[in-house]
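Written out below as structure tokens is the structure these notes cover.
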Amino acid sequence: MQRPPPEDFLLKETKPHLGGGKISGNKLTSTYDLVEQMQYLYVRVQKARDLPSKDVTGSCDPYVEVKLGNYKGTTRHFEKKTNPEWNQVFAFSKDRIQASVLEVTVKDKDLMKDDFIGRVLFDLNDIPKRVPPDSPLAPQWYRLEDRKGDKAKGELMLAVWMGTQADEAFPEAWHSDAATVSGADALSNIRSKVYLSPKLWYLRVNVIEAQDLQPTDKGRYPEVFVKAILGNQAMRTRISQSRSINPMWNEDLMFVAAEPFEEPLILSVEDRVAPNKEEVLGRCAIPLQLVDRRLDHKPVNTRWFNLEKHVIVMEGEKKKEIKFSSRIHMRVCLEGGYHVLDESTHYSSDLRPTAKQLWKSSIGVLELGILNAHGLMPMKTIDGRGTTDAYCVAKYGQKWVRTRTIIDSFTPRWNEQYTWEVFDPCTVITIGVFDNCHLHGDKAGGAKDSRIGKVRIRLSTLETDRVYTHSYPLLVLHPSGVKKMGEIHLAVRFTCSSLLNMMHMYSHPLLPKMHYIHPLTVSQLDSLRHQATQIVSMRLSRAEPPLRKEIVEYMLDVGSHMWSMRRSKANFFRIMGVLSGLIAVGKWFDQICNWKNPITTVLIHILFIILVIYPELILPTIFLYLFLIGVWYYRWRPRNPTHMDTRLSHADSAHPDELDEEFDTFPTTRPPDMVRMRYDRLRSIAGRIQTVVGDLATQGERLQSLLSWRDPRATALFVIFCLVAAIVLYVTPFQVVALLTGIYVLRHPRFRHKLPSVPLNFFRRLPARTDCML
């Protein structure tokens, strides 16, 4: 029996004050009902007019200073302008307000000392409240006053109100919490943002043949192959066996392409004239915008492409000599019927095909409230003290969200809410917590945001329309062992628009049908997934603010397929856990055979004789037994989402040497050279074995989850099926059922379908304990 993880590493159910106390009956009452309300004082500085000149030069360089107690925010300044427009918003957290008066001052920027122009004072008790969907508060003109309270020259247009984080002004506002951050780049790095993954396509290049090649050496048989390059991806065919100037290949090359298409597909036909020397016989460039898009398995038309000789540009000449050489016969298409895998298949958040025309309608909505974190560890040292600037990233489908960064806090409060459309319940949302390392003058840009931990939640394990509020431990594996970096407090709700459609999804194939009609090989999928993650991380790192490469790779589990002694042990014990039931049955049967308990043995003999005489009772009895077990286990069904399990992952018992091997680079840095070569080879082979063992464990755990109520819908479907099957089989003669089953199993291939059967689709959608693996 596996010992439970330490108490500190367990999931904790919480009861936060969601939606300001407005949530009732788990029903949606407002757009921010899954988070705790945070009160803010908002000040919108719109513009000013008729400002006086204070300088000796007679000009005015105005800016506005908004001050509340010890917190002070300033607008940008304008040079020589008496009617400036700022349109900037300032937000002051109500929890940190220690003053009763808001002071908005207009000043004239000067080299020595900024001149006072005028100010407007507000009593906090008189400030109105605004709650969306109320319309925004209209700014008003306020006459400036001097320090004595007398009227001064000039007017300032302002809007001041009390609101919450649901306010439209919240995302772009200057926050008093981030008063220590300066600079446009740093400020953009702390704001919340929504990103979209680029639309990814598989590009299939079917190289058929070439004609009329012109090798330099006419007296030898050419050894010709085709090299294809798309961005950073390069692939080549085998050397043609025809050994002539009209070679044939009929070979597929697969690439990953992302919209918008920025680079063409470049093909070159090359002749291997020596072991390490190739001669280019011709090349062509194909813009992807002109490539056909295929939605099903019907082949696209083939085309001949002209090949150009390598172009030589002479010094001082602008003219190019392009000589028509030969042509190549190919079938090139963008595959819209596949889903481009950029995540681990165990944690996929999207399973739809690339082509939007093939998408089914959504089955529901996933809502995530990122409330707060507590107990975070110091992630960096600034001015001799430890500090953490934490933010969260959540990824589901093509949509990534990034919360704002909470500056210098071990107990950050975000209280931000996001929604996603759900197209398949058997998907996983990933939430990661990171430390922002780009706020304190990282000029070289070499700093990387540190990982604090992540959480995975499988949607199929959630009951519909229920709000789950839990505090999840943030566990990270280090070379020194597993560490708890803190806890993150989340609220999750999965709302189903059509229960019938969602139940029907369990009979569909997990992936689009092209994956089964024209399946890709395991090595192809590994290579294409690597390319897809590289493209996604590169595109998101070019956004503003960037979602950096280390963040994307951690969220997508890049490198999780590498060899690890710890993971291999964990997968082995997962298999032993699955087989423990069969082993127990074998031991029990052995006890029956050995008459360890004579009464039980006699009862088994009687049951066996009854079943032999009435064989039609065997199947209905089994299904009825499974139905009763499922109903019995309903009382103990899991009520909480899954979370990382350190015991299951063997993270808390791993030897330091095993962890050193797991965190070792690939290829290894351990000397000497011979050890390195053997070590790498062993790890590569063992990585594949580890994957196979993990997949075997997954299948067994899915079998166990049939009656565990881990996925309530799947268990309900199976339990109902067992009841119906029991009733049907009770009234149907056993011989008829056996005959029909045998005919069906042995049916002619003409009556078989390439897609998986409904029971197999249902089984593949069942949850396993992969979600709990570190």
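Figures for the structure shown
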{"quantity": "Hits in the stretch 383-421 (condition: crowded, with 23+ Cβ neighbours inside 10 Å, modelled with pLDDT under 95 and in contact with a helix residue (DSSP H, G or I) (Cβ under 7 Å, 6 or more places away or on another chain))", "calculated": "Ile406"}
{"quantity": "Residue pairs meeting the criteria (Cβ under 8 Å; at least 6 apart or on separate chains; first under 11 Å from Leu121 (Cα atoms) and assigned by the TED database to the domain that holds Asn83, in the stretch 141-153; second open to solvent by less than 70 Å² (accessible area, probe 1.4 Å) and at pLDDT below 85)", "calculated": "Arg143/Ala152; Leu144/Ala152; Glu145/Ala152; Asp146/Ala152"}
{"quantity": "Pairs, first within 29 Å of Ser649 (Cα to Cα) in the stretch 10-24, second modelled with pLDDT under 80 and open to solvent by 50 Å² or more (accessible area, probe 1.4 Å), C-beta under 9 Å, six or more apart", "calculated": "Leu10/Pro4"}
{"quantity": "Residue in the stretch 678-712 that is nearest to Phe494 (Cα to Cα), counting only those that are of a type in the set (Gly, Ala, Ser) and open to solvent by less than 20 Å² (accessible area, probe 1.4 Å)", "calculated": "Ser705"}
{"quantity": "Any hit, the stretch 342-354, residues being closer than 27 Å to Leu295 by Cα, more than 15 Å from the chain's Cα centre (by Cα) and of a type outside the set (Asp, Glu)", "calculated": "yes"}
{"quantity": "All positions within the stretch 644-671 that are open to solvent by less than 40 Å² (accessible area, probe 1.4 Å), outside any helix (DSSP H, G or I) and either without any contact (Cβ under 8 Å) to a residue 12 or more places away in the chain or under 28 Å from Arg456 (Cβ atoms) (or both)", "calculated": "Met644, Asp645, His650, Ala651, Ala654, Asp664"}
{"quantity": "Residue match in the stretch 54-69 (condition: within 30 Å of Lys15 (Cα to Cα), among the charged types (D, E, K, R) and open to solvent by 30 Å² or more (accessible area, probe 1.4 Å))", "calculated": "no"}
{"quantity": "Among residues of the stretch 609-630, those that are exposed (fewer than 15 other Cβ atoms within 10 Å of the Cβ) and in contact (Cβ under 8 Å) with a residue 12 or more places away in the chain, counted", "calculated": "3"}
{"quantity": "Cβ-Cβ under 8 Å pairs, at least 6 apart or on other chains, the stretch 525-538 side under 20 Å from Leu511 (Cβ atoms), far side assigned to a helix (DSSP H, G or I)", "calculated": "Thr533/Val552; Thr533/Glu553; Val536/Val552"}
{"quantity": "Sole exception among (1) open to solvent by 70 Å² or more (accessible area, probe 1.4 Å); (2) among the polar types (S, T, N, Q); (3) at pLDDT 90 or above for Thr216, by number", "calculated": "(3)"}
{"quantity": "Positions within the stretch 326-366 being open to solvent by 10 Å² or more (accessible area, probe 1.4 Å) and among the acidic types (Asp, Glu), in sequence order", "calculated": "Asp342, Glu343, Asp350"}
{"quantity": "Leading residue by the ranking (nearest to Pro667 (Cα to Cα)) among those in the stretch 539-571 that are free of Cβ contacts under 8 Å to residues at least 12 places away in the same chain and open to solvent by 30 Å² or more (accessible area, probe 1.4 Å)", "calculated": "Gly559"}
{"quantity": "Matching entry among Ala257, Ala234, Ala228 (being free of Cβ contacts under 8 Å to residues at least 12 places away in the same chain and part of a strand (DSSP E or B))", "calculated": "Ala234"}
{"quantity": "Enumeration of residues in the stretch 265-294 that are within 15 Å of Leu200 (Cα to Cα) and open to solvent by less than 50 Å² (accessible area, probe 1.4 Å)", "calculated": "Leu288, Val291, Arg294"}
{"quantity": "Subset of the stretch 674-725 [over 24 Å from Ile629 (Cβ atoms) and of a type in the set (Gly, Ala, Ser)]", "calculated": "Ser684, Ala686, Gly687, Gly694"}
{"quantity": "Exclusive hit being of a type outside the set (Val, Ile, Thr), touching a Gly at 6+ places or on another chain (Cβ under 7 Å), open to solvent by 30 Å² or more (accessible area, probe 1.4 Å) and modelled with pLDDT of 85 or more, set Glu145, Glu209", "calculated": "Glu145"}
{"quantity": "Subset of the stretch 459-486 that is small (Gly, Ala, Ser) and under 17 Å from Arg647 (Cα atoms) - its residue that is surrounded by the most Cβ atoms within 10 Å (Cβ to Cβ)", "calculated": "Gly481"}
{"quantity": "Strands (runs of 3 or more DSSP E) completely within the stretch 374-431 that count 1 or more residues being touching a residue at least 60 places away in the same chain (Cβ under 8 Å) and within 19 Å of Lys483 (Cα to Cα)", "calculated": "380-382, 390-396"}
{"quantity": "The stretch 305-324, subset assigned to a strand (DSSP E or B) and surrounded by fewer than 14 Cβ atoms within 10 Å (Cβ to Cβ), residue modelled with the highest pLDDT", "calculated": "Asn306"}
{"quantity": "When residues of the stretch 752-762 are limited to those that are modelled with pLDDT of 75 or more and out of contact with any Pro (no Cβ under 8 Å at 6 or more places or on another chain), the one least open to solvent (accessible area, probe 1.4 Å)", "calculated": "Phe762"}
{"quantity": "Selection within the stretch 5-30 - open to solvent by 90 Å² or more (accessible area, probe 1.4 Å) and at pLDDT below 65", "calculated": "Lys22, Lys27, Leu28"}
{"quantity": "Residue match in the stretch 572-581 (condition: assigned to a helix (DSSP H, G or I), in contact (Cβ under 8 Å) with a residue 40 or more places away in the chain and touching a strand residue (DSSP E or B) at 6+ places or on another chain (Cβ under 8 Å))", "calculated": "no"}
{"quantity": "Residue check, Lys67 assigned by the TED database to the domain that holds Arg143 and touching a strand residue (DSSP E or B) at 6+ places or on another chain (Cβ under 6 Å)", "calculated": "yes"}
{"quantity": "Of the criteria (1) among the small types (Gly, Ala, Ser); (2) closer than 30 Å to Asp296 by Cβ; (3) open to solvent by 40 Å² or more (accessible area, probe 1.4 Å), which one Ala228 fails", "calculated": "(3)"}
{"quantity": "Of all residues making up the stretch 70-103, the number that are surrounded by 18 or more Cβ atoms within 10 Å (Cβ to Cβ) and touching a Lys or Arg at 6+ places or on another chain (Cβ under 6 Å)", "calculated": "1"}
{"quantity": "Single unsatisfied condition, Lys513 versus (1) more than 24 Å from Asp695 (Cβ to Cβ); (2) of a type in the set (Lys, Arg); (3) open to solvent by 50 Å² or more (accessible area, probe 1.4 Å)", "calculated": "(1)"}
{"quantity": "Pairs, first hydroxyl-bearing (Ser, Thr, Tyr) in the stretch 97-110, second buried (at least 21 other Cβ atoms within 10 Å of the Cβ) and outside any loop (DSSP other than H, G, I, E, B), C-beta under 6 Å, six or more apart", "calculated": "Thr105/Arg119"}
{"quantity": "Candidate set: the stretch 111-141, residues that are in contact with a Lys or Arg (Cβ under 9 Å, 6 or more places away or on another chain) and under 23 Å from Glu168 (Cβ atoms); chosen: the one most open to solvent (accessible area, probe 1.4 Å)", "calculated": "Pro136"}
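The values are calculated or read from the model by the stated rules, or taken from the named source; none is laboratory data. Keep in mind the model is a prediction, meaning the values are calculated, not measured. As a convention, Cβ positions derive from the backbone with ideal geometry for all residues, glycine included, and neighbour counts pool all protein chains shown. Calculation scope for accessible area: heavy atoms of the full protein, side chains included, ligands and nucleic acids excluded. Shrake-Rupley method; radii C 1.70, N 1.55, O 1.52, S 1.80 Å.
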